[in-house]
Structure formats: C-alpha cells, structure tokens
Amino acid sequence: MRKNIYMLLAVSVLLMMNVSCSDFLNEENKISETSSTTYNTATGLQGLIETCYSYARGWYGKEAGLGLSEMGTDEFYYGYDNKQKSLCSYNLNSNSLDDNSSDNASLDHYWELFYQAVDACNNALQYTQANTAVSTATKHQYLGESYFLRAFYYLHMVNIWGPIPYNSEPTTSENIQYAPTRSSEGEVYGNILADLDKSIAQFDSAGYRTKADGRANYWAARGLKARTLLYAASWWGTAGKNNQITNNSNYSGKTITQLYALAQSEAEAVIGSGIASFYSNYADTWSMNNEDVSANSESIFGITYSSDITSTVNCIPHRNKTSTSGTSLDFNSLITRTGYSRGGSAMLLMFTSMWNNGASDLGGDGKEVFVRVLSSASTHYVKNTKTGASVDVSSTYSPYGRGFTRYLPSLYLWNLLEEHKATDQRTDATLLSAYTIAKGLEHSSKKYTLMTDTAIYYSPLDGSTTAGQAAQAWAKNRYRIQFASGGDIPVYSSSDPSKALPTEAAKATSDVYGDNRYNTYKIAGWCSYPGIKKFLDNVYNPSYPTWDISSRDAIVMRLAEMYLIKAECQLYTEGGAAAMATINQLRTVRAISGKDNTLSGSADLNTILDERAVELCGEQQRWFDLKRTHTLVDRVNQYNAQAQSGIKSLGVNCYLRPIPQTELDAITNYSTVEGSGFWQNSGY
C-alpha cells in the first residue's frame, strides 16, 4: 500500500532541517544527533520555529496558492498562458497531477505541504516546552508563534476542504493513523480559536507585541482571531445555522450575532493598538521601499522573503514523499516557482499582460519600443529607428515584470476601480492602464510615428460609442488603444459583465490603418489587458532588468482589513448605517487630497464585498470571502463568464475543494457515504 501523505509526517532532524530557509539561521544538520538533543539547544529550537514559517512561502506569493485563493471569483479571468485553467473554470477533479505544471490545481501538494507545516508546529510546541537552553520569555514567544502558525495553517485547510483530519501531536511511526477521521468544521474551528487564545496568552506573557522580522506577535494573533471569527460567523450565518463551533467551551453555543460581535471586538482592538497606521499615499503601501512587512506601516503580519533571491534562503522545505530511491521529492514548480536553488515571490508576474508581445504594430518582437525578454546586459538596448541612437531600456521596462499572461481583471473589477477614479487613490495605485516607452525612443515606432511616451493604453470606454471613437481617432499614429469592449481591439467580448469574456483573436480584416496590423492573437484580450500593478517590483537591477522572482514580502494581514472586518460585523450587530460609517472612515483615508470619497446610504453585504475588492484585490483572500459568505455562485454568474458553466455543474459543491485522490487511495477507511469513514467531498 502507498503511504498516506498525512501519515508520513514522522519526526526527524533530517525532516526539520532539510532546508531551513531562515533569514537568521543556517544550521548544519548533524545526523548523529537526536531530535531531542538538537532542539534542546537555542539555535536548534530557533531553526525549528523558522521551519514552521517556511511552509507559508509555498502559498503566499506563489502561483498555485494565488489560483486557489483568488481565481474563479468575480475579480479575475485566466489569461492565455494560465497554468490552472481547469481550476479557474471549476472543471477540476480529485486527480493528483503531481509535478505537472500545464494545468494543475496543486491540491495534492498543498494537502501534503499544509500537513507538513502542522507537524512542524506540533514538534515546535513539544520541543519548546522541553527546552532548557532558552529563557522563559523566549519560550513564551516561541509557543505564541507555534500556536499562531498551527491555527494559521488549519484555517487555510478547513476553508479549502471542510472537515479534515486534525492532528495536535507530532506524528511518529507509533501513532500513524491508517484510517484517519475527518473532524467536523466546528471542531476544527474550535481548535483554531483555542490555539489563537493560547497564542495571545503566550505573547502577552512574553511582552511580545511589536512587529519584528515578519514574525507573529500578540496583535497578529488577535487580527487572525478577528478573521477566524468572521469566517465562522459568515460561513454558518449565511447558511442559517447557529452554534456550530464545538470542542471549545469559550465559543460553543455562541449565536452568529455573538460571533460577529466577538470578531468586531478583536478588529477594534487591533485598530486601536497602534501596531499599524495608514500611509497618506495608498501607493506607498506597495512601494518596494516599504515592502518589508516589519517596516511597512500598514502591515500586521506577513511572510518574509530575503533580498538574496539567488540563494536557498527563500525556499520551502522538500516534500516528505520520497522517490523509490528514498530521495525527498520536490513540490510542484507552481508552488516553488524557481525550484530549490533560489526563491522569492512570483506576484510580479501574475497580473501583467504581454506588454513585450512581439506584435507587428510595435515592431515585430517589440524591438522598436520594447524588447521580448531582457536577460543579459547585451540585450538591454533598443535602437531608435529614426535617429539610430542606442537606448538603454532596462530601467524603464524592469517594473513591468516578464510579460506573462496568467490573470487579468474582470470587467467587474475594472469598472469598480474606474467608478471612483476621480476621488479614490486606489484606482491609479492598483490599475496598470498603460505601458510607456523609454526616453530616447520617441518617434521610433514605424507604425505609430507620433509616439512620444505611451505605447499601449487601455481605455474603460466602449470603443463603439462616440467617446470611444473620438479616443480612437486621437490615438491614431500615437499609440495602440484597447477598449474594454468595442473598437478595433477590445479586451472583452461584451460590455455586459455577466457575458464578457477575454477576446482570443484580434480582427482578421484590415483596420483603419489599412495594414492589418491587428491580426494577431497577441493583442487580443487574453494576452493584452490592463494589469494590477501593486505587486510589481520597481527596484531596478542592471544584471536582471526583468525579474522572474521578487524579494517582495507578502502582506497577509494589514490595517485596512481590520476596518473591513469591523464594517462587515456591524452589518449584523449594529446595522448598515454603522457599517457604512466604518467603510467611509477607510474611504476617507484612501481619498485623493481635497476630494470627497465617501459613499452615501446604508451598507449591505454587496457594499462590503465591493469595498474588499477595491482594497484587497489580488491579496489571496477573494475566493475565501465569496465562499464564506455563500455569494460565490451568484457573483460568478454575475461577473465571470469563464467560470459559469463549471460552477453551475458543481452548484453548492463548489464551496469545498476535492480531497486529493492520492489521499483516498492510501487510506483504509474510504467510504462513498458522506460523514462515514473518510469520504470525498460532494461533486467530485
């Protein structure tokens, strides 16, 4: 029988220290030492704690985690070279595709990764208690971090799969369960909240309340508790159920309204703590100058990536699953991005379009105003076709990433960002609506002879309207203009958000220029579209002018979310007027100087979801937000035509992901009856 991934979490020094990924510890593994000896040292225990954090780098800032947390929602469509199309369209099943990276939801790998992470936390809790080499305050801190991280990982798992096996002890060869039990969601939530309360108490005892090195602290634990309580209240509240949390006397029997009140109280405490503050300029939240989560004013907790992306510091541990020769296998490249020799965040690649697309209107391979891929010093230059001057373009094009076409904003999200553009800072700080040329390439484009700065502009207009036609006439010979719909090269097939699909082919007939320059799929909507720029890496490195990985830290919780949690809770504790007042507090902070950015009227759930979309788009929360509020099906039908067919087939089953088939093949108690033995989630 193949060994169950969940069962393979045996304790060993080799497992924990295989790849430490530590910013502050690179410990040599001493195979002759036992785990108890190693982890009774100060450095050994410190390395174990850091290992607990390292697994989060496989989810935050990575393509596969982004797919499972943001895609198939109302915010994004998949683009031309997306590697998870079946996930985005809900045509997925339980098959484990292992290391395939052409169309893989990576659910089997995440099942393994999260349980490895939990086992690391369980070991950390055990060995911290027994350690005699560190101070009492350090013990409290490490216990606080370990309880926090175990809750953190289980919150992801219970929201992905629903009932799951819950393990609170280190896995050894003696306690392997070949017939594991799926604990109810209420029991898992009860355990998560118990861990968070323990984490808060331990941090309080340690006096560890300030941000440092991207590690968890007292206020991060309270922020995660606010999120957890909100998830529980909304998930069960919208389903009309009460008293779902079990196995925890502090929360069992609480009504939905009481859970919302508790979540609101935690969010308000974090807001009032002073641990985070708003930048007056929203764009500063995303500047690479402020990317360090320990220094970013708005961050509460995040996942760190070292600036040394060429080393193994940012890598995740190898898999517990081994080859036939006993060698630990690698996680899917969608999870590791660049493998195990170097690492970082891939977010800079995920939301940009094929700006360096080789379309003939911009000079074949883009050689008149862009270059296809800048990978060495010899290719940093583009020759001006008019003056003959050789122009260094590297610093201009570096912020645009590599021109992948993974994810593009839905028409709903684009319209939402444009709606308050005149008053709200977040539109310009979020939406990448134009690509510019390098200084020195003015008038170099042979097909846009008047081009002086902008090369591509994405207009939210319908190109068929009078305003659209006027904009297209102005753009002629100046730059390529692409409209949301209509015009020569529309991004979407319709102006109706419920029907709009990314276009997959440009016009096949001669256009207004008479040279058929738009006859290519490369400038259709699935390849060329407005991007999301808040994750771009704008730090220029002359050796690598376009990066395939970034040192940007991943902000997991920030101050704005606490306001949004408070507002959502107020819908059910104080009413829509109170909720709107809190939303307007946030919107006032995000206002363009001198502009009124507030909303009128009383808020409802759609108001909350719209505000979360504007503030948090792309931050790996949207799928969980729509799932927990039971709005996923309705909002996909309203705003994501790519996913409508698949989600219609699944119905309410879409709210849980399939259990990986490898897990079902390995256990001895598989059952076709839900709630009996170990069953597959309905619909798969």
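Laboratory data are not the source of any read-out in this text; all were calculated from the coordinates shown. None of these values were measured; they are calculated from a predicted model. Cβ placement follows ideal geometry from the backbone for every residue including glycine, while neighbour counts extend to all protein chains displayed.
Using alpha-carbon pairs under 8 Å, 6+ residues apart, how would you state the relative contact order of the chain in percent?
19 percent
Cut-off under 26 Å on the C-alpha distance; same-chain residues fewer than 8 positions from Lys321 excluded. Which lysines are left, in chain and number order?
Cross-link targets: Lys3, Lys30, Lys62, Lys83.
Taking Lys648 as the anchor, which aspartates and glutamates have their alpha carbon closer than 16 Å to its alpha carbon, excluding any fewer than eight residues away along the same chain?
Asp74, Asp634
Can you tell me what the convex hull of the Cα atoms of segment 349-532 projects to on average, as an area in nm²?
If you wrap the Cα atoms of segment 349-532 in a convex hull and average its projections, you get 10.2 nm².
Quick one: helix 466-475 against the long Cα principal axis of the chain, what's the angle to the nearest 10°, folded into 0 to 90?
80 degrees
Kindly flag which residue pairs out of Lys85/Lys566; Lys85/Lys627; Lys522/Lys627; Lys499/Lys566; Lys439/Lys534 have an alpha-carbon separation exceeding 31 Å in this structure.
Numbers: Lys85/Lys566 35 Å; Lys85/Lys627 19 Å; Lys522/Lys627 34 Å; Lys499/Lys566 34 Å; Lys439/Lys534 23 Å.
Exceeds cut-off: Lys85/Lys566; Lys522/Lys627; Lys499/Lys566.
How many angstrom lie between the Cα centre of segment 606-684 and the Cα centre of segment 259-338?
About 24 Å separates the Cα centre of segment 606-684 from the one of segment 259-338.
Divide by every residue of the chain the summed helix terms, -39500 (n - 2.57) for each DSSP H run of at least 4, and state the resulting mean residue ellipticity at 222 nm, rounded to the nearest 500 deg cm²/dmol.
-11000 deg cm²/dmol
What is segment 349-532's relative contact order, in percent, from Cα pairs under 8 angstrom and six or more apart in sequence?
23 percent
Using alpha carbons only, how many degrees (0 to 90, rounded to 10) separate the axis of helix 185-206 from the longest principal axis of the chain?
Approximately 80 degrees, to the nearest 10.
Let me spell out the model: positive unit charges on the Cβ of Lys and Arg, negative unit charges on the Cβ of Asp and Glu, origin at the Cα centre of the chain. What dipole size does that give, in debye rounded to 20?
840 debye
If you count, for each residue, the other Cβ atoms within 10 Å and average over each peptide, how do 263-270, 274-281 line up from highest to lowest? Can you show the working numbers first?
Details: 263-270: 22.6, 274-281: 14.9.
Put in order of decreasing packing, that is 263-270, 274-281.
Going by how many other Cβ atoms sit within 10 Å of their own, how do Glu187, Glu112 line up, fewest first?
By the 10 Å Cβ count, ascending: Glu187, Glu112.
Most exposed first by the Cβ proxy, i.e. fewest other Cβ within 10 Å, how do Ile245, Ile160 rank?
Working: Ile245 25, Ile160 21.
The order, fewest Cβ neighbours first, is Ile160, Ile245.
Find the relative contact order for segment 5-344 and round it to a whole percent, using C-alpha pairs within less than 8 Å whose residues are 6+ positions apart. Intermediate values should be presented prior to the final figure.
Working: 554 pairs, mean separation 70.7, N = 340.
With pairs under 8 Å counted, the relative contact order is 21 percent.
Rounded, prolate or oblate: which one fits segment 28-101, using the alpha carbon gyration tensor with axes a ≥ b ≥ c (rounded when a/c is under 1.5, else prolate when a/b beats b/c, else oblate)?
Prolate shape, in that a/c is at least 1.5 and a/b is the bigger ratio.
Between helix 107-130 and the chain, what is the angle of the helix's C-alpha long axis to the longest principal axis, kept within 0 to 90° and rounded to the nearest 10?
The angle comes out near 40 degrees.
Quick one: order Leu259, Leu97 by neighbouring beta-carbon count within 10 Å, fewest to most.
On the way: Leu259 29, Leu97 18.
Ascending number of Cβ neighbours within 10 Å: Leu97, Leu259.
Compute the Cα gyration tensor for segment 152-236, then decide on rounded, prolate or oblate, letting a ≥ b ≥ c be the square roots of its eigenvalues: rounded whenever a/c is under 1.5, prolate when a/b is larger than b/c in the other cases, and oblate in all that remain.
The shape class here is oblate.
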